[in-house]
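Shown next, in structure tokens, is the structure this report addresses.
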Amino acid sequence: MTDWKELDRRHIWHPYAPLLNPMPAYPVAGAEGVEIILEDGKRLVDGMASWWCAIHGYRVPELDAAIRDQLGRMAHVMFGGLTHEPAARLAAHLLRLTDGFYRAVFFADSGSVAVEVAIKMALQYWFAQGRPEKKRLLTIRHGYHGDTFAAMSVCDPVQGMHHMFRGVLPEQLFAEAPRARTDTEWQDEDIASFRRLLQAHAHEIAAVIFEPLVQGAGGMRFHAPRFVREARRLCDEYEVLLILDEIATGFGRTGSMFAHEQAGVRPDILCLGKALTGGYMTLAAVLATEKVVEGVEAGGHVLMHGPTFMANPLACSVAAASIELLVRSPWQARVKKLEAAFSEGLAELAKLSGVADVRARGAIGVVELRHPVPVVKAQQAAMREGAWLRPFGRLIYAMPPYPLADDEAKLARLLAGMHAAVRASLEG
Ligand code: PMP
């Protein structure tokens with residue numbers, strides 16, 4: 001083989017990046033604790049938790065052991081007509097974490113597929129009720145739900161590049177995203193556009209879908225728990241199912257195990273992913289209430305989904321171990337500490353004229369600039385401080401592994417990296 005890095009540069013597509021004119025992709029030799037170790041030995045505090053999933057960090061003994069153990073039994077078997085204990089153990093954890101509210105769990109391969117399955121559940125629900133005209137979705141602007149087609153159809157229409165897929169993507173309904181950031185700032189106006197669309201289109205809407213409390217890849221926008229509560233009430237009033245996408249917010253990231261808990265309501269269908277396996281393997285889960293299950297299966301129908309790697313035993317084992325570890329850990333205190341560190345440590349950046357906003361919620365710290373971030377330059381400035389960031393749009397942000405809260409020196413390195421990235425973005 002020619003040099004593997006050369007092969008990578010010439011032949012392998014990286015996410016949202018050109019192949020013909022490649023951007024830097026830094027070779028990684030390993031990862032340990034809260035750090036990524038580059039091939040040249042440089043250690044970077046991981047501010048991204050590998051796109052928000054590695055909540056415990058890397059080479060976590062309990063998670064490594066779970067995979068090794070399961071490997072001694074089997075790596076994979078089909079889930080059609082066969083079953084295994086890791087799937088049941090994981091389902092039990094998920095049902096318990098949601099206080100027995102849900103009846104069923106569907107294991108999908110990734111976040112995007114979980115969103116597809118959730119949408120399919122909603123469409124099949126209304127089909128089986130004899131109301132096939134209820135097939136559209138209502139969402140809010142600035143959302144992100146994945147890169148497959150049904151998921152893309154509910155991503156923000158501008159950032160999601162809907163113009164490129166006109167005629168292919170189903171045309172969904174988009175309400176204005178709420179402006180409020182905390183409960184005290186709530187104004188009824190924040191849900192007005194959502195309510196108007198629901199009133200006008202309820203007869204053709206199968207479900208509402210959005211990310212509760214934090215809209216992630218669509219702009220790291222925060223809204224009040226009150227929005228989620230009002231949306232739940234309106235969905236009930238207008239007979240529409242509520243799907244919450246907690247693929248990014250689940251497993252403690254916003255300060256509660258699931259973000260929707262802060263609103264005191266539950267969705268009919270809940271999508272989980274990313275941190276589900278502690279970032280070890282790809283796996284997602286869709287939880288559905290008894291009402292949804294009975295609705296889908298009315299008249300003898302079944303949910304029409306069954307991927308090859310459904311409920312992969314390695315992934316289920318490590319996910320169960322990750323939840324056990326999370327529940328045992330002081331995750332609330334760690335998330336609180338990270339929130340305080342971001343609030344205090346980033347505050348002074350708000351004074352810079354090129355900075356539009358600085359905000360923190362749970363283990364998420366965000367600096368929003370007035371202009372797009374020069375990604376490579378900002379990233380390299382953070383790397384010089386020993387931190388790994390991946391800014392996008394006008395945002396320099398961090399969503400680190402929770403144990404970073406226990407290491408003052410590394411936390412300081414991450415903050416220094418964010419400061420350096422912001423300053424590098426604003427200079428000349
Ligand atoms: N929903 C949300 C809220 C997400 O943040 C993401 C991924 N960033 C997805 C869905 C898609 O998940 P995946 O990349 O695993 O397909």
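Points to keep in mind about this one:
- Within the range 30-51, the residues that satisfy the criterion of being among the acidic types (Asp, Glu) and open to solvent by less than 60 Å² (accessible area, probe 1.4 Å) are GLU35, ASP46.
- Index of the failed condition, VAL208 passing every other in (1) outside any strand (DSSP E or B); (2) within 13 Å of GLY143 (Cβ to Cβ); (3) open to solvent by less than 10 Å² (accessible area, probe 1.4 Å): (1)
- Evaluation of LEU349 against the conditions (1) closer than 23 Å to ALA421 by Cα; (2) more than 16 Å from the ligand (Cβ to nearest atom); (3) open to solvent by 10 Å² or more (accessible area, probe 1.4 Å) shows that the sole unmet condition is (3).
- Residues of the range 370-387 include none that is assigned to a helix (DSSP H, G or I) and in contact with an Asp or Glu (Cβ under 8 Å, 6 or more places away or on another chain).
- Flag for ARG229 being open to solvent by 50 Å² or more (accessible area, probe 1.4 Å) and touching a residue at least 24 places away in the same chain (Cβ under 8 Å): yes
- Count - residues of the range 351-369 that are part of a loop (DSSP other than H, G, I, E, B) and of a type outside the set (A, V, I, L, M, F, W, C): 4
- Number of residues in the range 2-28 that are more than 26 Å from the chain's Cα centre (by Cα) and either in a strand (DSSP E or B) or small (Gly, Ala, Ser) (or both): the value is 0.
- The set of residues in the range 171-200 that are touching a residue at least 24 places away in the same chain (Cβ under 8 Å), over 21 Å from PHE222 (Cβ atoms) and either open to solvent by 70 Å² or more (accessible area, probe 1.4 Å) or touching a His at 6+ places or on another chain (Cβ under 9 Å) (or both) comprises GLU171, LEU173, GLN199.
- Search result, residues across the range 261-273 that are open to solvent by less than 20 Å² (accessible area, probe 1.4 Å) and in a helix (DSSP H, G or I): ALA263
- Looking across the range 282-302, the residues that are within 13 Å of the ligand (Cβ to nearest atom) and crowded, with 20+ Cβ neighbours inside 10 Å come down to LEU283, ALA284, ALA285, VAL286.
- Members of the range 231-260 that are touching a Pro at 6+ places or on another chain (Cβ under 9 Å) and either in a helix (DSSP H, G or I) or at pLDDT below 95 (or both): ALA231, ARG232, CYS235, ALA259, HIS260
The values are calculated or read from the model by the stated rules, or taken from the named source; none is laboratory data. No experiment lies behind these values; they were computed from the predicted model shown. Ideal geometry is used to build each Cβ from the backbone, glycine not excepted, and the neighbour counts take in all protein chains shown. To get the accessible areas, we keep the full protein, side chains included, count just its heavy atoms, and leave off ligands, DNA and RNA. Shrake-Rupley method; radii C 1.70, N 1.55, O 1.52, S 1.80 Å.
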